[in-house]
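Worksheet for the structure shown next.
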Amino acid sequence: MSTDPFTYTALPMRVAFGQGVKPLREEVRQLGIRRVVVICTPDRVSLAHEVALSVSTEVVGVLAEAVMHVPVGVVDDCEVRSRAVGCDGYLAVGGGSAIGLAKALALRTGAPIIAVPTTYAVSEMTPVWGMTENKVKRTGRDRVVLPRAVVYDPALTTGLPVSVSVTSGMNAIAHAVEGLYAPDRSPIVSMMAREGARSLASALPRLVDHSGDLEARGEALYGAWLCGAVLGGSFDLPHAQTHAIVLPHVLAFNAPFAADMVTALAGVFGEGDPWTALRNLQTSLPMPLSLGELGFDKADIAEVTRQVTANPYHNPRHIDGTEIDALLERAWAGLPPRPSADSGFETVIAKEYS
């Protein structure tokens, strides 16, 4: 164990794993919520009503309005409607879009959130909120948007298409990898990141073969929870798929400057170095491997480069515009990571632009 000084703050929430209505009813009771509004996307309305029935009389409405990137207009409408029914708590059923809308509403109303994730997006484990207006996404951090409770029920994820399961799981792994080179990482975070990535790498291939495998679904939720706990768009690209595609390149690019990350991920994705093993795993799964498949226009590479360099994130290795251009061209074409001449590793872009 490292003797270097570190701090670790646990998330102030209850996390419950289990099947059936009992865990969810218990969380509603624990928080003293009396008038619940259920939040979901339009395609998950049937599941939302199913969950609402399990909570019984406390549910006063279902708002199936959540969409990607949380448009401000949607938040405005849902705020008016939830206040009109006296909502004192939100129940977010679904993935990042549903939980993102619930967070935006909690930011405005102060009402608590109970999250019931049906994907591996891990939005439920962060105090980060975001809203989009006029194609500009505004984000922030506030403890009020962090769900008070999260209920993980693998039975509720069986309807998630395999392709979405895979890209959602890869997105969770991307968060774990970031945690391994974050400036505030600690031995606790590193253990969670490795275990989370290992669980997802084990579960995803099994889900491809048997989408209804509850044991694999449960392991995937467990892995996503740990990956999300580690962390405590302008081009309208899907967040999860974008992260999944650039992730192997990020690993290779940062490897010479993040030895602890490489050590932690050794053997997690299979044989060989972590970035090659992860790329091989992705190739075996039903998921897009190029930004071009997501509808990203190659002509927009220059604008992406401008945005990334203008708003840099923490990264162990410096990235300049030339490297970003080169990486985007390979990611757009779906080419595998390629070692750079100067370092012996891949030259890649390291940050999201969705």
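With Cα extents along the principal axes in Å as the read-out, I listed [x] 64, 44, 43; [y] 57, 50, 48; [z] 66, 45, 39; which label goes with the value calculated from this structure?
Here Cα extents along the principal axes in Å agrees with entry [x].
Arranged from highest to lowest average of other beta-carbon atoms within 10 Å per residue, in what order do the peptides 314-320, 33-39 appear? Each step should come with its number before you reach the end.
Numbers: 314-320: 14.6, 33-39: 23.4.
The densest-packed peptide leads the list: 33-39, 314-320.
Just the accessible area per residue of the stretch 189-280, please: how many Å² with a 1.4 Å probe?
Details: 3240 Å² over 92 residues.
It amounts to 35 Å² per residue over the stretch 189-280.
Apply 1/(1 + (r/R0)^6) to the Cβ-Cβ distance of Val85 and Thr263, taking R0 = 45 Å, and write down the FRET efficiency to the nearest 0.05. Let's see the in-between values first.
Working: r = 52 Å, r/R0 = 1.16.
The pair Val85/Thr263 has a calculated efficiency of 0.30.
Give me the percent of the accessible area of the chain that comes from carbon and sulfur atoms, probe 1.4 Å, all protein chains in place.
Working: 7880 of 14990 Å².
The computed percentage sits at 53.
Which of the aspartates and glutamates could a cross-linker bridge to Lys298, judged by Cα under 14 Å and excluding same-chain residues fewer than eight apart?
Asp325, Glu329
Cβ neighbours within 10 Å, averaged per peptide: list 200-206, 105-111, 170-176 in order, most packed at the top.
Numbers: 200-206: 20.7, 105-111: 18.3, 170-176: 28.0.
The densest-packed peptide leads the list: 170-176, 200-206, 105-111.
Show which aspartates and glutamates lie in cross-link reach of Lys22 when reach means a straight Cα distance below 19 angstrom and same-chain residues fewer than eight apart are skipped.
Partners found: Glu50, Glu58, Asp153.
Just reorder His49, His249, His210 by solvent-accessible area, largest first, 1.4 Å probe, all chains present. Don't skip to the end; give the middle numbers.
Numbers: His49 95, His249 0, His210 120 Å².
Ranking His49, His249, His210 by accessible area, largest first, yields His210, His49, His249.
Please list, or write none, the aspartates and glutamates whose alpha carbon is within less than 20 Å of the alpha carbon of Lys137, excluding same-chain residues fewer than 8 places away.
Within the straight-line limit of under 20 Å, Lys137 reaches these aspartates and glutamates: Glu65, Asp76, Asp77, Glu79, Glu124, Asp236, Asp297, Asp300, Glu303, Glu352.
So with the 1.4 Å probe, I'd like the accessible area per residue for the stretch 89-185, rounded to whole Å². Walk me through the intermediate numbers first.
Values: 2880 Å² over 97 residues.
Solvent-accessible surface per residue comes out at 30 Å².
In deg cm²/dmol and to the nearest 500, what is the mean residue ellipticity at 222 nm of the chain if only DSSP H runs of at least 4 residues count, each as -39500 (n - 2.57), divided by the residue total?
Details: 12 runs with 165 residues, N = 354.
The helix-only estimate for the chain comes to -15000 deg cm²/dmol at 222 nm.
Given the peptides 298-309, 154-165, arrange them by the average over their residues of other C-beta atoms within 10 Å, most packed first. Could the numbers behind the result be given before it?
Details: 298-309: 15.1, 154-165: 18.2.
Going by the mean number of other Cβ atoms within 10 Å, highest first, we get 154-165, 298-309.
Using a probe radius of 1.4 Å on heavy atoms only, what accessible surface per residue do you get for the stretch 27-78? Whole Å² is fine.
Details: 2370 Å² over 52 residues.
For the stretch 27-78, the solvent-accessible area averages 46 Å² per residue.
Rounding to the nearest 20 debye, state how big the charge dipole of the chain is about its Cα centre with +1 on each Lys and Arg Cβ and -1 on each Asp and Glu Cβ. Could you put the intermediate results ahead of the total?
On the way: 29 positive and 37 negative charges, 189 e Å.
It works out to roughly 900 debye.
Using the Karplus curve 6.51 cos²θ - 1.76 cosθ + 1.60 with θ = phi - 60°, what ³J(HN,Hα) values do you get for each residue of the stretch 154-164, in whole Hz, with x for Gly and Pro?
x, 5, 7, 9, 5, x, 6, x, 4, 4, 5
From the phi of every residue in the stretch 104-118, what ³J(HN,Hα) in whole Hz does the Karplus formula 6.51 cos²θ - 1.76 cosθ + 1.60 yield, where θ is phi - 60° and glycine or proline is x?
For the stretch 104-118, the Karplus curve yields 4, 5, 5, 4, 7, 9, x, 6, x, 10, 10, 9, 10, x, 10 Hz.
The values are calculated or read from the model by the stated rules, or taken from the named source; none is laboratory data. Bear in mind the structure is a predicted one, so any value in this text is a computation, not a measurement. Heads up, the Cβs are rebuilt from the backbone with ideal geometry, glycines too, and the neighbour counts pull from every protein chain shown. These area figures cover heavy atoms from the full protein model, side chains too; ligands, DNA and RNA do not enter into them. Shrake-Rupley method; radii C 1.70, N 1.55, O 1.52, S 1.80 Å.
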